[in-house]
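Values in this text are rule-based calculations from the coordinates and carry no lab data. Since the structure is predicted, the reported quantities are computational estimates derived from the model, not experimental observations. Counting neighbours? That spans all protein chains shown, and the Cβs are built from the backbone with ideal geometry, glycine included.
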């Protein structure tokens with residue numbers, strides 16, 4: 001039987017229409033072992049849904065900044081949720097046990113959920129890792145796209161979280177989020193064949 005070819009192509013995020021209601025989900029949290037729902041995790045201030053994975057160099061590059069932003073804005077009432085939707089059969093490094101270990105090593109201060117069926121990624125129209133979605137207190141999409149301009153190799157400037165921070169500041173201050181939003185870019189989600 002031929003080996004499965006692992007394809008890691010640079011992919012930009014799809015831009016889900018602003019105003020979209022956050023699709024609900026029910027997924028296992030690889031850290032706590034509990035089944036978690038968006039309904040219980042979301043904040044009445046803002047909620048950030050992030051599609052991540054353990055091995056993507058784009059995620060690894062920005063992980064320290066993701067943790068900083070989540071800690072800083074989590075203290076201000078923003079909810080953060082990490083989801084991995086990669087095919088763990090073809091990419092065992094993205095399996096639930098590895099996710100749990102990775103979340104602890106990196107210090108994720110948020111649940112890290114496993115989307116085994118990939119249905120959640122499809123309902124969010126997620127395309128890459130990392131991919132960021134910000135929903136307001138009514139769970140309406142106000143931002144989707146990049147953390148900031150940093151990309152390993154493509155633009156290896158230090159990660160600042162500037163774009164995500166600007167969106168969160170606007171939501172928390174009751175201002176409209178700028179509609180000038182740039183797609184995220186990274187590894188394609190590893191879809192099941």
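Of the Cα atoms belonging to the stretch 93-193, the radius of gyration and Dmax stand at 15.0, 44 Å.
Computed from the alpha carbon atoms alone, the convex hull of the stretch 26-95 holds 92 Å³ per residue. Taking a point 7 angstrom from the Cα of residue 179 along the C-beta vector, which residues in the stretch 9-36 have backbone N less than 15 Å away? 16-20, by backbone N distance to the label point.
Modelled spin labels at residue 44 and residue 14, positioned 7 Å past Cα toward Cβ, are 3.3 nm from each other.
Here the label points at residue 169 and residue 26, each 7 Å from Cα along the C-beta direction, are separated by 4.0 nm in the simple model. Work out the FRET efficiency for residue 149 and residue 75 from their Cβ-Cβ distance, taking R0 = 30 Å, and round it to the nearest 0.05. Computed FRET efficiency for residue 149 and residue 75: 0.75. Residues 50, 193, arranged from fewest to most other Cβ atoms within 10 angstrom of their Cβ, appear as 193, 50. Could you state the angle between the C-alpha long axis of helix 57-74 and the longest principal axis of the C-alpha atoms of the chain, as a value from 0 to 90 degrees rounded to the nearest 10? Tilt relative to the chain: about 30 degrees.
For the chain, the longest principal axis of the Cα atoms and the long axis of helix 162-172 meet at an angle of about 50 degrees. Comparing 63, 155, 86 in a Gaussian network model of the chain (Cα springs below 10 Å), the most mobile by mean-square fluctuation is 155.
Starting from the Kirkwood radius over alpha-carbon pairs of the chain, derive D by Stokes-Einstein at 25 °C in a medium of 0.890 mPa s and give it in µm² s⁻¹.
149
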